[in-house]
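Q: What follows is a structure written as structure tokens; I'll ask about it next.
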Amino acid sequence: MTRPVAAIPYRDRRYIPRTTADVHGRRSDAALAQPHPRLQQLAEWLTPAFYVDFGRPCNSACLYCAVPPHEDAQGFAPLDQVVAMAAAGKAVGCDRAILIGGEPTIYPHLPEVFEILREFELDRHVCMTNGLKLAERAAVQQLVDGGVATVHLSLDTWDEAVYNRLARSQGQFHKQLAALDNLLAEPRLNLYIYTALTAVNAPGLRRLVQALADRANRAGVPAPPLVLAVVKPLGDALRHADELLMAPQDAAELVRALVTLGDSLGVAVGHRNLQACLAPELVDRNVDYYLDDFSVDVASRARQSFGHSEYWFHPPGCDACGHRGVCPGLYRDTVHRYGQAEYVAVDRVGLASAEDRRLT
């Protein structure tokens, strides 16, 4: 499949300012009875931080993109929007930014962004990237010099043909591998891998886990944590749902297998978008449980409910579940496709007791 053609000519694109900024807060309670040390460390890398959204422009066109950049009318965010987001994030107690897009490494004003963040006394930032630009060592250096401490590298496969299918592009896979090597070689950066779990790349994910362990061993560093994100039925992922989505229990079985493989190889495997009722023994691997997600109004700088919650819901059966207060719920379109029978309420398995929280 070729990269989609932009629906709106470049000359007609205008950035539409976001009214809210998403935030990864640091939990004040002990949600988990026995947190996984490596995922707890990952949460510390990510929190407390607010998202700086540079707009939809991207140098890839992923088949599962929740906000397709190739069809969006938005261009790059102007710098005054970055200032507004930084002020809002600072107002709710964040001490770092998470740079997102589109693709943040192609934003044309990155040096100015880093200067703005320094003026707000923010550092230890996170960059969420597909890594294509980071095949250039100079681009990695720019991030580190600008105050980035953690890189979230989206890496979905170790197979070039699968990459070409998911990214809808040709000849770029080697750049992701070069970026991985460059990031592993940079001692000042924390690195974690973020993998969209789809039916397309599922057969090769064991190879990906093994390759990450081998690459890190070759670099002489611990393997980066791997977060498996069951694909969300939004944007292009919903449009291509017949090809991408996995039945919930099939996704849960694959995550179980990859967690076991990762443990044997020294790769800490976590997951997102997989409910506790589908894999109660993997509650400690649920990255969502390590974060306190909410949004902040950019104008008023007031805390709000998490904006993404509009895509989730809790069916009546969730009321009896011990995870009702921490589980975000089910994606509506997943339930529409696969039904609710597999989601059976569980007790508070894996969660800290009230006494545990009091002592923390």
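Readers should treat all values here as calculations from the given coordinates under stated rules, not as data from a laboratory. Note that this is a predicted model, so its numbers are computed, not measured. So basically every Cβ, Gly included, is an ideal-geometry build from the backbone, and we count neighbours across all protein chains shown.
Q: Hey, can you rank 234-241, 223-230 by average C-beta count inside 10 Å, highest first?
A: Top to bottom by mean Cβ count within 10 Å: 223-230, 234-241.
Q: So what is the relative contact order for the range 29-147, in percent, with contacts set as C-alpha pairs under 8 Å and at least six apart?
A: It rounds to 28 percent for the range 29-147.
Q: Sticking with this structure for a sec: Please sort 201-213, 318-330 by packing, taking for each peptide the average over its residues of neighbouring beta carbons within 10 angstrom, highest first. Display every interim value, and only then the final one.
A: Details: 201-213: 18.5, 318-330: 16.4.
Packing proxy ranking, top to bottom: 201-213, 318-330.
Q: To make sure I understand the rule: partners must be lysines, Cα under 24 Å from the Cα of LYS133, and not fewer than 8 residues away in the same chain. Which ones qualify?
A: Hits, sequence-local ones excluded: LYS175.
Q: Now for a different question. Along the Cα→Cβ direction, 7 angstrom out, place labels at ALA320 and ALA66. What is the inter-label distance in nm?
A: In this crude label model, ALA320 to ALA66 measures out at 3.1 nm.
Q: At 222 nm, what helix-only mean residue ellipticity would the chain give, in deg cm²/dmol to the nearest 500, using -39500 (n - 2.57) for each DSSP H run of four or more?
A: On the way: 12 runs with 118 residues, N = 360.
Rounded to the nearest 500, the figure is -9500 deg cm²/dmol.
Q: Still on this structure: What full-extension length gain, to one decimal in nm, is calculated for ASP80 and VAL349 as 0.36 nm per residue of separation minus the Cα-Cα distance?
A: 92.2 nm
Q: Quote the relative contact order of the chain in percent (integer), defining contacts as alpha-carbon pairs under 8 Å separated by 6+ residues. Let's see the in-between values first.
A: On the way: 705 pairs, mean separation 76.7, N = 360.
Worked out over the chain, it gives 21 percent.
Q: How much length would be gained if the chain were fully extended between ARG218 and GLN41, taking 0.36 nm per residue of separation minus their Cα-Cα distance, in nm to one decimal?
A: 61.4 nm
Q: Have a look at the DSSP beta bridges in the range 10-307 and tell me what percent are antiparallel, nearest 5. Present the calculation step by step, with values, prior to reporting the outcome.
A: Numbers: 12 of 39 bridges.
Roughly 30 percent of the beta bridges in the range 10-307 run antiparallel, per DSSP.
Q: Please give the length that would be gained between ASP297 and ARG239 if that part of the chain were fully extended, namely 0.36 nm times their separation in residues minus their C-alpha to C-alpha distance (nm, one decimal).
A: Computed gain between ASP297 and ARG239 is 17.9 nm.
Q: 7 Å from Cα along Cα→Cβ at both HIS174 and ARG3: what's the point-to-point distance in nm?
A: 1.8 nm
Q: Using a simple spin-label model with points 7 Å from Cα along the Cα→Cβ vector, what separation in nm is obtained for GLN249 and GLN340?
A: Between GLN249 and GLN340, the simple spin-label model gives 1.8 nm.
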